Amino acid sequence: MGILRRNNVRVIGQESGRTLILAHGFGCDQNLWRLVTPGLARRRFRVVLFDYVGSGRSDLAAWREERYATLDGYAQDVVDVCEELDLRDAVFVGHSVSAMVGVLAATAVPGRIGSMVMVCPSPSYIDDEDYRGGFTAADIHELLDSLEANYLGWSATMARVIMGNPHRPELGAELTNSFCATDPDIARVFARTTFLSDSRQDLKTVTVPTLVLECAQDVIAPREVGAYVHAAVPGSRLITLAATGHCPQLSAPEATARAITTFVEELA
């Protein structure tokens, strides 16, 4: 099966415009960008959407645990898409764990990814001496044990926590549905890869212009994490959105699109 079908790749917007690659996070798919993409396409950008293998409408038969047990497997998906479309100087927009995937992909294929937007990134979710990731090691192992014991129940509970915005229950319900649509065995591997990875050293390899987007309140990636990423990536910019939760592309799509647009237009 070709890469475009394997990863359910869609391209919208202006063919001649600056290319933006939108990469989803754990338990999600490209659908979670749907409130952001129309505004980006109207700005004459070319927007590339895709699903990691194992997510959304990707080819599940192509999923292999040994490949996707590390972030390198997801980075290879990005590399494959970039090479298949022959992208040059693209802007990689990665949500959550995908921000770290983008760091690996940009290093692997220099020239194809020319800048990055990290949306609610976290290089490590586990507290470590002076680093605050938001969770203790015991917290993360308890989270993973709960996921493996009862994935559907875990999804219903954690989706609301991740999304935040309790006054907008429809957002939590949407994320719950996205989680529940993922094969539990695949979700187990992706969750372990996400929550146990430590990409702090990889941040030092970033050499392209980078925007770090964080939310004012985010229990998954607290503001200490955004400050750490900003300090670790040379020359990066940090913007704090007046938004709550870990998915501003759903809870604050206009502000998210505006921040991305301003950053990309200033690159020119």
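Annotations for the structure displayed:
- Using a probe of 1.4 Å, the accessible surface attributed to Thr193 totals some 10 Å² when neighbouring protein chains are kept in position.
- Region 16-67 and region 99-133 have Cα centres separated by 17 Å.
- Shown for the chain is the translational diffusion coefficient from the Stokes-Einstein equation, using the Kirkwood radius over Cα pairs, a temperature of 37 °C and a viscosity of 0.692 mPa s: 180 µm²/s.
- Note on Leu4 and Lys204: the extension gain reaches 68.9 nm, defined as 0.36 nm multiplied by sequence separation minus the Cα-Cα distance.
- Rough spin-label spacing in nm, given labels placed 7 Å along Cα→Cβ, for Asp139 and Arg64: 3.6
- For region 134-268: rounded, prolate or oblate by the Cα gyration tensor [a/c cutoff 1.5]: oblate
- Between Ser146 and Arg42, the FRET efficiency estimated from the beta carbon spacing at R0 = 51 angstrom works out to 0.75.
- Once both labels are positioned 7 Å from their Cα atoms along Cα-to-Cβ, the gap between Asn31 and Asp89 label points is 3.6 nm.
- With only the Cα atoms considered, region 43-137 has a convex hull volume of 137 Å³ per residue.
- Split the accessible area of the chain by element, probe 1.4 Å, and carbon with sulfur accounts for 49%.
The values are calculated or read from the model by the stated rules, or taken from the named source; none is laboratory data. Remember, predicted model here, so these are calculated numbers, not experimental data. Glycine gets a Cβ as well: all are built from the backbone with ideal geometry, and neighbour counts include every protein chain shown. Heavy atoms of the whole protein, side chains included, go into the accessibility calculation; ligands, DNA and RNA do not. Shrake-Rupley method; radii C 1.70, N 1.55, O 1.52, S 1.80 Å.
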